[in-house]
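Notes follow once the structure below has been shown.
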Amino acid sequence: MFKTLSNQIWWFLCAIITCLCVYGCSSTKLTPQEAMTKFKEYTPKEGAEYYMDNRDDYSFLDTLYQDSIMPAVLSCNYFDMDSVAYVLKGTTFEKEIQPVRNQKRNTLINQIEEELASNRDKQCQAFQECYLPSLEMSIDSMLQEDVSDIMDDYAGGFLNYKKLIFFFGRNRNDFKKMFWEKFDTLKYQDQIRSYINNFFDNLNNEQNAYSIQMTGKAFKYNASISTPSFPVGLSQSTLRYVKKYTSKQKNEMVKEAVKDYVVPMAVSAVSGGLGTLYDIGNTAYDVNDVIKQIKNAKIDDDEMVKYICEHDVAYQIKNFYLDKWVRQVLQQVRESNQELYRQVVNNL
(Lines give C-alpha, C1' and ligand atoms only; values in the text may rest on other atoms or scores of the structure.)
Protein backbone atom coordinates (compact mmCIF):
# COMPACT_ATOMS: atom_id res chain seq x y z
CA MET A 1 0.00 0.00 0.00
CA PHE A 2 2.82 2.39 0.89
CA LYS A 3 4.52 1.51 -2.37
CA THR A 4 1.35 2.27 -4.32
CA LEU A 5 0.92 5.63 -2.56
CA SER A 6 4.53 6.54 -3.25
CA ASN A 7 4.07 5.83 -6.97
CA GLN A 8 0.97 8.04 -7.08
CA ILE A 9 2.81 10.91 -5.43
CA TRP A 10 5.75 10.50 -7.87
CA TRP A 11 3.56 10.70 -10.96
CA PHE A 12 1.69 13.68 -9.50
CA LEU A 13 4.94 15.59 -8.97
CA CYS A 14 6.17 14.73 -12.46
CA ALA A 15 2.96 16.11 -13.92
CA ILE A 16 3.35 19.38 -12.03
CA ILE A 17 7.01 19.75 -13.08
CA THR A 18 6.07 19.09 -16.70
CA CYS A 19 3.37 21.75 -16.61
CA LEU A 20 5.74 24.26 -15.09
CA CYS A 21 8.36 23.52 -17.74
CA VAL A 22 5.87 23.93 -20.55
CA TYR A 23 4.61 27.18 -19.06
CA GLY A 24 8.12 28.47 -18.58
CA CYS A 25 9.16 27.61 -22.13
CA SER A 26 6.08 29.17 -23.68
CA SER A 27 6.63 32.37 -21.81
CA THR A 28 10.19 32.79 -23.18
CA LYS A 29 10.40 36.07 -25.16
CA LEU A 30 12.41 36.54 -28.40
CA THR A 31 14.56 39.66 -28.30
CA PRO A 32 15.68 41.72 -31.32
CA GLN A 33 19.28 40.73 -30.58
CA GLU A 34 18.41 37.04 -30.65
CA ALA A 35 16.42 37.45 -33.86
CA MET A 36 19.33 39.29 -35.49
CA THR A 37 21.66 36.46 -34.52
CA LYS A 38 19.30 34.03 -36.26
CA PHE A 39 19.17 36.14 -39.42
CA LYS A 40 22.97 36.17 -39.58
CA GLU A 41 23.06 32.37 -39.42
CA TYR A 42 20.52 31.88 -42.20
CA THR A 43 20.68 32.17 -45.98
CA PRO A 44 18.54 34.98 -47.46
CA LYS A 45 15.75 32.49 -48.21
CA GLU A 46 15.94 30.90 -44.73
CA GLY A 47 15.90 34.36 -43.16
CA ALA A 48 12.75 35.25 -45.08
CA GLU A 49 11.12 32.01 -43.93
CA TYR A 50 12.14 32.76 -40.31
CA TYR A 51 10.57 36.21 -40.59
CA MET A 52 7.31 34.85 -42.06
CA ASP A 53 7.08 32.15 -39.34
CA ASN A 54 7.50 34.59 -36.44
CA ARG A 55 6.22 38.01 -37.54
CA ASP A 56 2.72 37.50 -36.12
CA ASP A 57 4.13 36.78 -32.65
CA TYR A 58 6.78 39.50 -32.55
CA SER A 59 5.82 42.87 -33.99
CA PHE A 60 9.38 44.19 -33.81
CA LEU A 61 10.38 41.80 -36.61
CA ASP A 62 8.74 44.06 -39.23
CA THR A 63 10.98 46.98 -38.32
CA LEU A 64 14.03 44.77 -37.84
CA TYR A 65 13.57 43.12 -41.24
CA GLN A 66 12.96 46.47 -42.95
CA ASP A 67 15.92 48.30 -41.40
CA SER A 68 18.53 45.55 -41.06
CA ILE A 69 17.69 42.74 -43.48
CA MET A 70 16.16 44.37 -46.57
CA PRO A 71 19.31 46.37 -47.49
CA ALA A 72 21.21 43.07 -47.58
CA VAL A 73 18.44 41.36 -49.58
CA LEU A 74 18.45 44.15 -52.20
CA SER A 75 22.19 43.66 -52.69
CA CYS A 76 21.86 39.90 -53.29
CA ASN A 77 22.26 38.27 -56.67
CA TYR A 78 19.18 37.61 -58.78
CA PHE A 79 18.71 34.01 -57.70
CA ASP A 80 18.75 34.75 -53.94
CA MET A 81 16.51 37.75 -54.43
CA ASP A 82 14.06 35.72 -56.50
CA SER A 83 13.83 33.03 -53.81
CA VAL A 84 13.26 35.66 -51.10
CA ALA A 85 10.53 37.35 -53.15
CA TYR A 86 8.75 34.02 -53.49
CA VAL A 87 8.78 33.46 -49.69
CA LEU A 88 7.65 37.04 -48.99
CA LYS A 89 4.82 36.86 -51.51
CA GLY A 90 1.92 39.11 -50.55
CA THR A 91 3.94 41.36 -48.24
CA THR A 92 5.11 44.94 -48.75
CA PHE A 93 8.64 43.56 -48.88
CA GLU A 94 7.81 41.60 -52.03
CA LYS A 95 6.65 44.79 -53.73
CA GLU A 96 9.86 46.51 -52.70
CA ILE A 97 11.98 43.64 -54.04
CA GLN A 98 10.27 43.25 -57.43
CA PRO A 99 11.69 46.32 -59.28
CA VAL A 100 15.26 45.53 -58.18
CA ARG A 101 14.72 41.85 -58.95
CA ASN A 102 13.53 42.65 -62.49
CA GLN A 103 16.48 44.93 -63.08
CA LYS A 104 18.89 42.22 -61.96
CA ARG A 105 17.08 39.70 -64.13
CA ASN A 106 17.64 41.85 -67.21
CA THR A 107 21.31 42.27 -66.32
CA LEU A 108 21.63 38.52 -65.83
CA ILE A 109 19.98 37.83 -69.21
CA ASN A 110 22.52 40.07 -70.93
CA GLN A 111 25.33 38.24 -69.14
CA ILE A 112 23.92 34.86 -70.16
CA GLU A 113 23.68 35.99 -73.78
CA GLU A 114 27.32 37.11 -73.76
CA GLU A 115 28.48 33.96 -71.97
CA LEU A 116 26.70 31.60 -74.35
CA ALA A 117 28.03 33.52 -77.35
CA SER A 118 31.54 33.09 -75.96
CA ASN A 119 30.88 29.39 -75.29
CA ARG A 120 29.57 28.96 -78.84
CA ASP A 121 32.73 30.44 -80.34
CA LYS A 122 34.94 28.25 -78.14
CA GLN A 123 32.92 25.14 -79.04
CA CYS A 124 33.24 25.85 -82.76
CA GLN A 125 36.95 26.46 -82.29
CA ALA A 126 37.34 23.21 -80.35
CA PHE A 127 35.70 21.23 -83.15
CA GLN A 128 37.82 22.81 -85.85
CA GLU A 129 41.12 22.75 -83.97
CA CYS A 130 40.83 19.52 -81.97
CA TYR A 131 38.23 17.16 -83.39
CA LEU A 132 38.75 17.92 -87.06
CA PRO A 133 42.54 17.36 -87.18
CA SER A 134 42.09 14.11 -85.27
CA LEU A 135 39.39 13.03 -87.72
CA GLU A 136 41.61 13.91 -90.69
CA MET A 137 44.44 11.82 -89.25
CA SER A 138 42.11 8.85 -88.83
CA ILE A 139 40.99 9.26 -92.45
CA ASP A 140 44.62 9.36 -93.57
CA SER A 141 45.26 6.13 -91.72
CA MET A 142 42.21 4.47 -93.26
CA LEU A 143 43.20 5.65 -96.73
CA GLN A 144 46.69 4.26 -96.45
CA GLU A 145 45.32 0.84 -95.53
CA ASP A 146 42.46 0.86 -98.05
CA VAL A 147 44.49 2.05 -101.04
CA SER A 148 47.10 -0.60 -100.33
CA ASP A 149 44.43 -3.32 -100.03
CA ILE A 150 42.64 -2.23 -103.20
CA MET A 151 45.81 -2.17 -105.28
CA ASP A 152 47.20 -5.37 -103.86
CA ASP A 153 43.93 -7.24 -104.25
CA TYR A 154 43.53 -6.21 -107.86
CA ALA A 155 47.09 -6.40 -109.13
CA GLY A 156 48.15 -9.56 -107.30
CA GLY A 157 51.15 -8.02 -105.61
CA PHE A 158 51.23 -4.31 -105.04
CA LEU A 159 50.52 -2.66 -108.39
CA ASN A 160 52.34 -5.11 -110.56
CA TYR A 161 52.94 -2.77 -113.46
CA LYS A 162 53.07 -5.49 -116.08
CA LYS A 163 49.48 -6.38 -115.24
CA LEU A 164 48.44 -2.77 -114.99
CA ILE A 165 49.84 -1.80 -118.34
CA PHE A 166 47.90 -4.68 -119.89
CA PHE A 167 44.64 -3.41 -118.40
CA PHE A 168 45.24 0.34 -118.40
CA GLY A 169 47.61 0.95 -121.27
CA ARG A 170 44.86 2.14 -123.56
CA ASN A 171 42.31 3.67 -121.22
CA ARG A 172 43.26 5.13 -117.86
CA ASN A 173 39.58 5.54 -116.95
CA ASP A 174 39.51 1.77 -116.41
CA PHE A 175 41.80 2.34 -113.44
CA LYS A 176 39.47 4.98 -112.08
CA LYS A 177 36.46 2.68 -112.45
CA MET A 178 38.23 -0.19 -110.72
CA PHE A 179 39.37 2.00 -107.86
CA TRP A 180 35.92 3.32 -107.00
CA GLU A 181 34.23 -0.04 -107.37
CA LYS A 182 36.40 -1.28 -104.53
CA PHE A 183 36.54 1.90 -102.43
CA ASP A 184 34.12 1.72 -99.46
CA THR A 185 32.79 5.26 -99.10
CA LEU A 186 30.27 4.20 -96.43
CA LYS A 187 33.11 3.38 -94.05
CA TYR A 188 34.42 6.95 -94.27
CA GLN A 189 30.97 8.41 -93.78
CA ASP A 190 30.56 6.28 -90.65
CA GLN A 191 33.95 7.40 -89.35
CA ILE A 192 33.08 11.06 -89.84
CA ARG A 193 29.69 10.66 -88.19
CA SER A 194 31.26 8.83 -85.25
CA TYR A 195 33.59 11.75 -84.53
CA ILE A 196 30.77 14.25 -84.91
CA ASN A 197 28.47 12.29 -82.60
CA ASN A 198 31.21 12.17 -79.99
CA PHE A 199 31.58 15.94 -80.25
CA PHE A 200 27.82 16.44 -79.88
CA ASP A 201 27.72 14.15 -76.83
CA ASN A 202 30.36 16.29 -75.10
CA LEU A 203 28.62 19.48 -76.24
CA ASN A 204 25.29 18.32 -74.81
CA ASN A 205 26.90 17.38 -71.49
CA GLU A 206 28.39 20.86 -71.23
CA GLN A 207 25.13 22.60 -72.16
CA ASN A 208 23.09 20.39 -69.83
CA ALA A 209 25.39 21.20 -66.91
CA TYR A 210 25.02 24.91 -67.68
CA SER A 211 21.21 24.69 -67.75
CA ILE A 212 21.07 22.78 -64.46
CA GLN A 213 23.40 25.28 -62.82
CA MET A 214 21.31 28.24 -63.97
CA THR A 215 17.76 26.90 -63.68
CA GLY A 216 17.87 23.43 -62.12
CA LYS A 217 16.36 21.99 -65.32
CA ALA A 218 17.98 19.52 -67.70
CA PHE A 219 18.68 20.44 -71.32
CA LYS A 220 18.76 18.12 -74.32
CA TYR A 221 19.27 19.28 -77.89
CA ASN A 222 18.82 16.71 -80.66
CA ALA A 223 21.35 17.69 -83.30
CA SER A 224 20.38 16.84 -86.86
CA ILE A 225 23.12 16.14 -89.41
CA SER A 226 22.40 14.84 -92.91
CA THR A 227 24.93 12.66 -94.73
CA PRO A 228 26.27 14.54 -97.76
CA SER A 229 26.85 12.76 -101.04
CA PHE A 230 30.41 11.56 -101.59
CA PRO A 231 31.50 13.27 -104.85
CA VAL A 232 35.14 12.27 -104.51
CA GLY A 233 37.02 10.70 -107.41
CA LEU A 234 40.51 10.24 -108.75
CA SER A 235 41.62 13.42 -110.47
CA GLN A 236 43.05 13.74 -113.97
CA SER A 237 46.44 14.45 -112.42
CA THR A 238 46.40 11.07 -110.66
CA LEU A 239 45.28 9.26 -113.77
CA ARG A 240 48.07 10.89 -115.77
CA TYR A 241 50.55 9.75 -113.17
CA VAL A 242 49.19 6.18 -113.25
CA LYS A 243 49.63 6.14 -117.01
CA LYS A 244 53.27 7.24 -116.63
CA TYR A 245 53.74 4.60 -113.98
CA THR A 246 52.35 1.78 -116.09
CA SER A 247 54.80 2.58 -118.90
CA LYS A 248 57.72 2.97 -116.45
CA GLN A 249 58.72 6.37 -117.80
CA LYS A 250 60.83 7.31 -114.80
CA ASN A 251 61.67 10.88 -115.72
CA GLU A 252 58.09 11.59 -116.69
CA MET A 253 56.87 10.10 -113.40
CA VAL A 254 59.12 12.38 -111.37
CA LYS A 255 58.11 15.41 -113.40
CA GLU A 256 54.42 14.58 -113.06
CA ALA A 257 54.67 13.97 -109.30
CA VAL A 258 56.61 17.16 -108.56
CA LYS A 259 54.32 19.31 -110.69
CA ASP A 260 50.98 17.95 -109.55
CA TYR A 261 51.61 16.91 -105.94
CA VAL A 262 54.80 18.02 -104.28
CA VAL A 263 54.63 21.70 -105.27
CA PRO A 264 50.96 22.13 -104.21
CA MET A 265 51.79 20.31 -100.99
CA ALA A 266 54.67 22.70 -100.35
CA VAL A 267 52.35 25.66 -100.87
CA SER A 268 49.92 24.14 -98.39
CA ALA A 269 52.68 23.66 -95.84
CA VAL A 270 53.84 27.26 -96.19
CA SER A 271 50.29 28.53 -95.70
CA GLY A 272 49.90 26.58 -92.49
CA GLY A 273 48.44 23.32 -93.80
CA LEU A 274 49.84 19.86 -93.25
CA GLY A 275 51.51 17.78 -95.91
CA THR A 276 49.57 14.81 -97.19
CA LEU A 277 52.51 12.72 -98.36
CA TYR A 278 53.43 11.32 -95.00
CA ASP A 279 54.64 8.42 -92.98
CA ILE A 280 51.76 7.13 -90.88
CA GLY A 281 51.81 8.68 -87.43
CA ASN A 282 53.57 11.84 -88.57
CA THR A 283 51.57 14.99 -89.15
CA ALA A 284 54.43 17.10 -90.50
CA TYR A 285 56.33 15.76 -93.50
CA ASP A 286 59.54 17.35 -94.77
CA VAL A 287 58.55 18.56 -98.23
CA ASN A 288 62.11 19.22 -99.36
CA ASP A 289 63.08 15.73 -98.29
CA VAL A 290 60.23 14.28 -100.35
CA ILE A 291 61.36 16.19 -103.44
CA LYS A 292 64.95 14.98 -103.00
CA GLN A 293 63.84 11.39 -102.51
CA ILE A 294 61.70 11.49 -105.65
CA LYS A 295 64.46 13.04 -107.78
CA ASN A 296 67.05 10.63 -106.42
CA ALA A 297 64.72 7.70 -107.06
CA LYS A 298 64.80 6.73 -103.37
CA ILE A 299 61.05 6.35 -103.22
CA ASP A 300 59.93 3.08 -104.78
CA ASP A 301 57.70 3.46 -107.82
CA ASP A 302 55.00 1.31 -106.30
CA GLU A 303 55.07 3.35 -103.10
CA MET A 304 54.97 6.57 -105.06
CA VAL A 305 51.85 5.68 -107.00
CA LYS A 306 50.29 4.58 -103.74
CA TYR A 307 51.14 7.93 -102.15
CA ILE A 308 49.71 9.75 -105.12
CA CYS A 309 46.37 7.96 -104.91
CA GLU A 310 46.21 8.48 -101.15
CA HIS A 311 47.05 12.14 -101.53
CA ASP A 312 44.42 12.63 -104.22
CA VAL A 313 41.57 11.09 -102.24
CA ALA A 314 42.64 12.65 -98.94
CA TYR A 315 42.88 16.10 -100.50
CA GLN A 316 39.41 15.84 -101.99
CA ILE A 317 37.85 14.47 -98.80
CA LYS A 318 39.37 17.23 -96.68
CA ASN A 319 38.72 20.10 -99.07
CA PHE A 320 35.49 19.17 -100.83
CA TYR A 321 33.68 16.66 -98.61
CA LEU A 322 34.51 17.29 -94.95
CA ASP A 323 33.54 20.93 -95.38
CA LYS A 324 29.95 19.86 -96.02
CA TRP A 325 29.92 18.12 -92.64
CA VAL A 326 31.73 20.94 -90.86
CA ARG A 327 29.23 23.57 -92.00
CA GLN A 328 26.39 21.48 -90.55
CA VAL A 329 28.21 20.92 -87.26
CA LEU A 330 28.92 24.62 -86.76
CA GLN A 331 25.31 25.46 -87.61
CA GLN A 332 24.08 22.94 -85.03
CA VAL A 333 26.40 24.45 -82.42
CA ARG A 334 24.89 27.87 -83.08
CA GLU A 335 21.31 26.59 -83.00
CA SER A 336 21.82 24.51 -79.84
CA ASN A 337 23.16 27.53 -77.97
CA GLN A 338 20.21 29.61 -79.14
CA GLU A 339 17.85 26.94 -77.85
CA LEU A 340 19.79 26.76 -74.57
CA TYR A 341 19.54 30.54 -74.21
CA ARG A 342 15.75 30.44 -74.71
CA GLN A 343 15.28 27.65 -72.17
CA VAL A 344 17.44 29.29 -69.52
CA VAL A 345 15.79 32.70 -69.90
CA ASN A 346 12.28 31.23 -69.84
CA ASN A 347 13.05 29.44 -66.57
CA LEU A 348 14.71 32.30 -64.69
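Output the residue which, of all residues in region 36-62 that are more than 20 Å from SER83 (Cβ to Cβ) and touching a residue at least 24 places away in the same chain (Cβ under 8 Å), is surrounded by the most Cβ atoms within 10 Å (Cβ to Cβ). Filtering first and then ranking leaves TYR58. Annotation: PHE167 fulfils all but one of (1) of a type in the set (Phe, Trp, Tyr); (2) open to solvent by 70 Å² or more (accessible area, probe 1.4 Å); (3) modelled with pLDDT of 90 or more; the unmet one is (3). In region 78-98, the residue that is farthest from the chain's Cα centre (by Cα) out of those that are under 15 Å from VAL344 (Cβ atoms) and open to solvent by 30 Å² or more (accessible area, probe 1.4 Å) is ASP82.
Within region 302-334, the residues that satisfy the criterion of being under 26 Å from SER224 (Cα atoms) and either without any contact (Cβ under 8 Å) to a residue 24 or more places away in the chain or of a type in the set (Val, Ile, Thr) (or both) are ILE317, ASN319, ASP323, VAL326, ARG327, VAL329, GLN331, VAL333.
For LYS177, the criteria (1) modelled with pLDDT of 85 or more; (2) within 14 Å of CYS309 (Cα to Cα); (3) loosely packed, with under 14 Cβ neighbours inside 10 Å hold in every case but one, which is (1).
Here ARG101 fits the description: modelled with pLDDT of 90 or more, surrounded by 12 or more Cβ atoms within 10 Å (Cβ to Cβ) and touching a helix residue (DSSP H, G or I) at 6+ places or on another chain (Cβ under 8 Å).
Among the residues of region 43-80, those identified as farther than 19 Å from LYS104 by Cα and among the acidic types (Asp, Glu) are GLU46, GLU49, ASP53, ASP56, ASP57, ASP62, ASP67. For region 55-77, the tally of residues that are in a loop (DSSP other than H, G, I, E, B) and within 43 Å of the chain's Cα centre (by Cα) stands at 4.
The values are calculated or read from the model by the stated rules, or taken from the named source; none is laboratory data. Not measured: the values here are computed from a predicted model. Methodologically, a virtual Cβ is constructed for each residue, glycine included, from the backbone with ideal geometry; neighbour enumeration extends over all protein chains shown. When the accessible area is computed, the model is the full protein with side chains, heavy atoms only, and any ligands, DNA or RNA have been set aside. Shrake-Rupley method; radii C 1.70, N 1.55, O 1.52, S 1.80 Å.
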